[in-house]
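**Student:** First, the structure itself, so that you have it in front of you.
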Amino acid sequence: MQRRQLISTTLGAGLALTLSSFASATTMDKTTQASFDTVMAFMGAMGKGDMKALSALMADDMAWHNEGDRALPWIGHWAGKAKVLEFLPLFGANFKTTAWENTDAFASGDTVAVFGRMNGITLKSGRETGSFSFALRAKVRKGQVLLWHWFEDSHAVSQAYRG
């Protein structure tokens, strides 16, 4: 499978519509708005499986960190753009997002926080996770994502993964 297919999900248009509603929700200073826009663009590119856009939005020293059950192959820390680009297909080969809703998003300076609910299928077992909450803390530098720190209900995801 191609990388794009591996991380493609059903987020696409729904994610873009959800994200766009946050773009003008509050008045932000220039740095805060730029950080917010970068993270929303990154999420949108991820939802579309647009590896070219994702790569352009990643700092060379980007770190991606997923909290949760270490037995799941996508839980852990990936440091550097090359490692993150290796991680994304690994995630896509193991998890298919079937629903995504951002419920809150905030930014201050270089930091963006996003909270929401999602649902997915773990491809190893074929089981659905059920709706679960997530939180994201992202850092942006010069228009690129420097940190993607992901928190999810790892119990629900782990249970589905283990079948």
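**Student:** With respect to the numbered conditions (1) in a strand (DSSP E or B); (2) buried (at least 17 other Cβ atoms within 10 Å of the Cβ); (3) within 12 Å of the chain's Cα centre (by Cα), which one is the sole condition not fulfilled by Ala63?
**Tutor:** (3)
**Student:** Find the residue count for the range 46-58, including only residues that are within 21 Å of Phe106 (Cβ to Cβ) and either modelled with pLDDT under 90 or not in a loop (DSSP other than H, G, I, E, B) (or both).
**Tutor:** Selection size over the range 46-58: 2.
**Student:** Might you check whether a residue that is surrounded by fewer than 17 Cβ atoms within 10 Å (Cβ to Cβ), at pLDDT below 90 and part of a helix (DSSP H, G or I) occurs anywhere in the range 69-83? Write out each step before concluding.
**Tutor:** Of all residues in the range 69-83, those surrounded by fewer than 17 Cβ atoms within 10 Å (Cβ to Cβ) come to 69-71, 73, 76-77, 79-80, 82-83.
Those left that are additionally at pLDDT below 90: 69-71, 73, 76.
Within this subset, residues satisfying the condition of being part of a helix (DSSP H, G or I) are none.
No, because not a single residue in the range 69-83 is surrounded by fewer than 17 Cβ atoms within 10 Å (Cβ to Cβ), at pLDDT below 90 and part of a helix (DSSP H, G or I).
**Student:** Here is a further query. Condition test on Ala156, is it without any contact (Cβ under 8 Å) to a residue 60 or more places away in the chain and touching a strand residue (DSSP E or B) at 6+ places or on another chain (Cβ under 8 Å)?
**Tutor:** In short, yes.
**Student:** Being in contact with a strand residue (DSSP E or B) (Cβ under 8 Å, 6 or more places away or on another chain) and basic (Lys, Arg) is the filter; apply it to the range 108-149 and report the residue that is modelled with the lowest pLDDT.
**Tutor:** Quick first cut of the range 108-149, residues in contact with a strand residue (DSSP E or B) (Cβ under 8 Å, 6 or more places away or on another chain) only: 110-123, 127-142, 144-149.
Narrowing further to those that are basic (Lys, Arg): 117, 127, 137, 139, 141-142.
On the way: Arg117: 94, Arg127: 90, Arg137: 98, Lys139: 98, Arg141: 97, Lys142: 96.
Per the stated criteria, the residue is Arg127.
**Student:** Here is a further query. Tell me yes or no: at least one residue of the range 100-115 is within 30 Å of Gly163 (Cβ to Cβ) and touching an Asp or Glu at 6+ places or on another chain (Cβ under 6 Å).
**Tutor:** From the range 100-115, those within 30 Å of Gly163 (Cβ to Cβ) are 100-103, 114-115; that's our starting set.
Now drop any that are not touching an Asp or Glu at 6+ places or on another chain (Cβ under 6 Å), which leaves 115.
Yes, that holds for at least one residue.
**Student:** Which condition from (1) at pLDDT below 85; (2) in a helix (DSSP H, G or I); (3) among the hydrophobic types (A, V, I, L, M, F, W, C) is the one that Met1 breaks?
**Tutor:** It is condition (2) that Met1 fails.
The values are calculated or read from the model by the stated rules, or taken from the named source; none is laboratory data. None of the values given here were measured: they were computed from a predicted structure. Counting neighbours? That spans all protein chains shown, and the Cβs are built from the backbone with ideal geometry, glycine included.
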